[in-house]
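**Student:** Please find one structure pasted underneath; my questions will follow.
Values in this text are rule-based calculations from the coordinates and carry no lab data. Note that the structure is a prediction, hence the values are computed from the model and not measured. Note that we place each Cβ from the backbone using ideal geometry, even for glycine, and neighbour counts take in every protein chain shown.
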Amino acid sequence: MVSFSAVAKRYPGGQEALKDVSFALESGELAFLTGRSGAGKSTLLKLIPAIERPTSGSVIVNGQNVASLKRAAIPYLRRNIGLVFQDQKLLYDRSVYENVMLPLAFSAHAPREAARRARAALDKVGLAGRENANPIQLSGGEQQRVAIARAVVNRPALLIADEPTANLDAESAARVLDIFVAFRQVGVTVLIATHDLALVERYAGRILKLDAGRVV
Amino acid sequence: MLSAVVIGVALALPAGGYALLESLRGLATRASLDPQVSIFLKSDLKRAEAQALERPLRADRRLSKVRFVPREEALKELNAVQGLADVTAALGQNPLPDAYVVTVRSGEIDLLVADLGKLPGVAHVQADTAWARRLAAVTAIGRLALWLLTFLLGLGLVAVTFNTIRLQILTQREEIEVSKLIGATDSFIRRPFYYLGLLQGMAGGVLASAIVWLALALLNREVRILAESFGSAFRISSLPLEDAVAVVVLAGLLGWLGAHLSVSKHLREIG
């Protein structure tokens, strides 16, 4: 599903975020990417949906080498990847429902099918009934679940989350992780970056530890 | 919306100028379609000598119509003009010479005027086209000025749209960022801005046409009074529909161009 080989990423300032990263995720696998702050977790995740490009090495996602993907092809790659960010990147000028509908606007869906999918996604994250609320009215944990609903509404094969529990209390964090794990059970490949090792140990997932730009 | 008003007012200037110039040009071409030349004879010329000129004039192939205007008839015409009868009566004797009025069929008017002046007994040859030619020259200058104005204001339109779209992109920055991250294509993100630029330009064009139409309708009320005092039915023709449509289309295209430049510059800066 995802395969990194000899990936290095150097930022223009000369800072070397990743030195030599190689690993592969099988389809339907659950993996946690751990490591100290600044170990390169975010950079690694950004390489998968081509938010950043590697300086060298290859990043294969779903059989495509993302490193050499044309600009115009990137949107189509991203539609098959669900992204959840530490700051949820929700739009606060519209309702929860409209936020979840956003990805469906780009890909051609019949309005009824789109509405059905959005409701199903909200139902899966336990927010059915909050469709008309504004995200600002929701707690941090609930907002993160809206972000997850938006990430999965297109039914991606791959779900990536960058520190999804960083700003949440233990209970909300566990609930959010439970949701990710549930997606894994329906065949979605899930990769979560986190520094919360205690939380990770409760799940039967593979652990990729990133240290000084390398997976150890 | 305010930008559409700015565009409308800016475009009304060249569009209105264009309508005015077209009216003047119409006047000039109508007058020069069959240019008339008046040949005034020496006032001491005998009637027989004067009439003898008719033959060489009729023989000239460059002329289509030759009409002899005896001085008595000229005086009568002059008297018919209101208020002048008193003046001519005060003069006592007829000050007008015999004259020919000829219509030019073809050829260089200046050359013709020179040739006619050489005929025996001719005192003065006056081509009525002189004023029409001057008018044509003035309208040509006006036209050039108008093109420059149109170009500058067109540039202004592009700049106004550029800025409107820039502000719109800034307000929607977050939405654009998120949309890009979750798989929106560039064209999907660009499209609404193109529409905005196009619509804003077209709205400005419609407004400009409306302003011109209204302004000319108001002007024409006064022009009618003025023209009637000259015994003329001259009116400033309003902007014809096809020209109004052209203004709207052009404004739309320039708006689209402004949007294109703005979107190309500012969307690249996001994500």
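**Student:** Counting C-alpha atoms alone, how compact is the range B:84-169: give Rg to one decimal and Dmax as a whole number, in angstrom.
**Tutor:** 26.3, 83
**Student:** A follow-up question, please. When the Karplus curve 6.51 cos²θ - 1.76 cosθ + 1.60 is applied with θ = phi - 60°, which whole-Hz ³J(HN,Hα) does each residue of the range B:150-161 get, with x for Gly and Pro?
**Tutor:** Listing the rounded values in order: 4, 4, 5, 6, x, 4, x, 4, 4, 5, 4, 5 Hz.
**Student:** Starting at 0 and stepping by 10 Å, how many percent of the alpha carbon pairs of the protein assembly as shown end up in each bin?
**Tutor:** 4, 14, 16, 13, 10, 9, 7, 6, 6, 6, 5, 2, 0, 0
**Student:** Mind checking which aspartates and glutamates have their C-alpha under 14 Å from A:Lys46, skipping anything on the same chain fewer than 8 residues away?
**Tutor:** Qualifying aspartates and glutamates at Cα under 14 Å: A:Asp162, A:Glu163.
**Student:** State the three equivalent ellipsoid semi-axes of chain A, derived from the C-alpha gyration tensor as the square roots of 5 times its eigenvalues, in descending order and whole Å.
**Tutor:** Details: eigenvalues 159, 81, 47 Å².
With the √(5λ) rule applied to chain A, the semi-axes are 28, 20, 15 Å.
**Student:** So, one more: Dividing the alpha-carbon radius of gyration of the range B:151-226 by 2.2 N^0.38 Å (N being the number of residues), what value is obtained?
**Tutor:** On the way: Rg = 19.3 Å, N = 76, 2.2 N^0.38 = 11.4 Å.
Taking the Cα Rg and dividing by 2.2 N^0.38 Å, one obtains 1.69.
**Student:** Once the principal axes of the Cα atoms of chain B are found, what is the range along each, listed largest first in whole angstroms?
**Tutor:** Largest to smallest, the principal-axis extents are 101, 38, 22 Å.
**Student:** Which whole-Hz ³J(HN,Hα) couplings does the range A:23-37 yield from phi under the Karplus relation 6.51 cos²θ - 1.76 cosθ + 1.60, θ = phi - 60°, glycine and proline marked x?
**Tutor:** 6, 9, 10, 7, 4, x, 7, 10, 9, 10, 9, 10, x, 5, 4
**Student:** Ignoring the sites themselves, what is the longest stretch of chain A with no GluC sites (Glu not before Pro) in a DSSP loop and at most 11 other beta-carbon atoms within 10 Å? It would help to have the intermediate numbers written out before the result.
**Tutor:** Working: sites that count: A:Glu26, A:Glu201.
Longest gap between qualifying sites, sites excluded: A:27-200.
**Student:** List the longest stretch of chain B that has no exposed loop site; here a site is one of the GluC sites (Glu not before Pro) assigned by DSSP to anything other than H, G, I, E or B, with at most 15 other Cβ within 10 Å. Don't skip to the answer; put the middle values down first.
**Tutor:** Numbers: sites that count: B:Glu108, B:Glu269.
Here the longest run is B:109-268.
**Student:** Moving to a separate point now. Tell me, what does the Kirkwood hydrodynamic radius of the range B:169-212 come to in angstroms if you use every pair of distinct C-alpha atoms?
**Tutor:** 12.1
**Student:** Next up: Arranged by the count of other C-beta atoms within 10 angstrom, fewest first, what order do A:Ile207, B:Ile211, A:Ile148 take? Kindly include the intermediate steps, with their values, before the conclusion.
**Tutor:** Values: A:Ile207 12, B:Ile211 18, A:Ile148 26.
Neighbour counts put them in this order, fewest first: A:Ile207, B:Ile211, A:Ile148.
**Student:** Using the beta-carbon distance between B:Ala227 and B:Arg61 and R0 = 56 Å, what value does 1/(1 + (r/R0)^6) give for FRET efficiency, to the nearest 0.05?
**Tutor:** After rounding, the FRET efficiency stands at 0.95.
**Student:** If you don't mind, there's one more thing I want to ask. Using a Förster distance of 45 angstrom, determine the FRET efficiency expected from the C-beta separation of B:Ala159 and A:Arg116, and round it to 0.05. Mind showing how you got there, number by number?
**Tutor:** Working: r = 46 Å, r/R0 = 1.02.
Efficiency, rounded to the nearest 0.05: 0.45.
**Student:** Also, I was wondering about something else. Per Stokes-Einstein, at 20 °C and 1.002 mPa s, what whole-number D in µm² s⁻¹ belongs to the range A:76-116, with the Kirkwood radius over Cα pairs as the hydrodynamic radius? If you can, show how the numbers build up before the last one.
**Tutor:** Details: Rh = 11.6 Å.
Estimated diffusion coefficient is 185 µm²/s.
**Student:** Counting every Cα pair in the range A:151-216, what percent are over 13 Å apart? Mind dumping the intermediate values first?
**Tutor:** Details: 1411 of 2145 pairs.
Distances greater than 13 Å cover 66 percent of the Cα pairs.
**Student:** Starting from the coordinates of the alpha-carbon atoms of the range B:189-271, obtain the Kirkwood hydrodynamic radius over all distinct pairs and give the value in Å to one decimal. Could you put the intermediate results ahead of the total?
**Tutor:** Values: mean 1/r = 0.0668 Å⁻¹.
Taking every pair of different Cα atoms in the range B:189-271, averaging 1/r and inverting gives 15.0 Å.
**Student:** Which value, in Å³ per residue, describes the convex hull spanned by the Cα atoms of the range A:2-99?
**Tutor:** Taking the convex hull of the Cα positions in the range A:2-99, it is 144 Å³ per residue.
**Student:** When the Cα centres of the range A:140-216 and the range B:200-262 are compared, how far apart do they sit, in Å?
**Tutor:** 63
**Student:** To continue, here is another question. Using +1 at the Cβ of each Lys and Arg and -1 at the Cβ of each Asp and Glu in the range A:71-148, identify which of A:His109, A:Ser95, A:Asn134 lies farthest towards the dipole's positive end.
**Tutor:** A:His109
**Student:** Please arrange A:Phe85, B:Phe230, B:Phe188 by counting, for each residue, the other beta carbons lying within 10 Å of its beta carbon, fewest first. Can you show the working numbers first?
**Tutor:** Working: A:Phe85 19, B:Phe230 8, B:Phe188 15.
Least to most surrounded, the residues fall as B:Phe230, B:Phe188, A:Phe85.
**Student:** Three principal axis extents, largest first, for the C-alpha atoms of the range B:120-260, in Å?
**Tutor:** 94, 33, 21
**Student:** A follow-up question, please. GNM on chain B, C-alpha springs below 10 Å: top fluctuator among B:Thr164, B:Thr150, B:Thr88?
**Tutor:** The residue that fluctuates most here is B:Thr88.
**Student:** Enumerate the whole-percent occupancy of each 10 Å bin, from 0 to the last occupied one, for all C-alpha pair distances of the range A:102-216.
**Tutor:** 12, 42, 32, 11, 2
**Student:** Based on alpha-carbon atoms only, what is the radius of gyration of the range B:147-191 relative to the globular estimate 2.2 N^0.38 Å?
**Tutor:** Numbers: Rg = 15.0 Å, N = 45, 2.2 N^0.38 = 9.3 Å.
Cα-based Rg divided by the globular estimate yields 1.60.
**Student:** Also: Bin by bin, in steps of 10 Å, what percent of the Cα pairs in the range B:49-116 do you find, going until the bin that has the longest distance?
**Tutor:** Spelled out bin by bin, the range B:49-116 gives 18, 39, 26, 16, 0 percent.
**Student:** Separation between the A:Ala182 and A:Asn65 pseudo-spin-labels, each 7 Å from Cα along Cα→Cβ, expressed in nm?
**Tutor:** Roughly 4.0 nm, to one decimal.
**Student:** Output the Cα-based Rg and Dmax of the range B:1-97 in Å, rounding Rg to one decimal and Dmax to a whole number.
**Tutor:** Cα only, the range B:1-97: 23.9, 77 Å (Rg, Dmax).
**Student:** What are the ³J(HN,Hα) couplings of the range A:187-194, residue after residue, when phi is run through the Karplus curve with 6.51, -1.76, 1.60 and θ = phi - 60°? Round to Hz, x for glycine and proline.
**Tutor:** For the range A:187-194, the Karplus-derived couplings read x, 7, 7, 10, 10, 10, 8, 7 Hz, x marking Gly and Pro.
**Student:** Here's something else I'd like to know. Against the longest alpha carbon principal axis of chain A, how many degrees, from 0 to 90 and to the nearest 10, is the axis of helix A:140-152 turned?
**Tutor:** 80
**Student:** Output the direction-averaged projected area (hull surface divided by four) of the convex hull of the alpha-carbon atoms of the range B:34-185, in nm². Please list the in-between numbers first.
**Tutor:** On the way: hull surface 71.1 nm².
Convex hull of Cα atoms, orientation-averaged projection: 17.8 nm².
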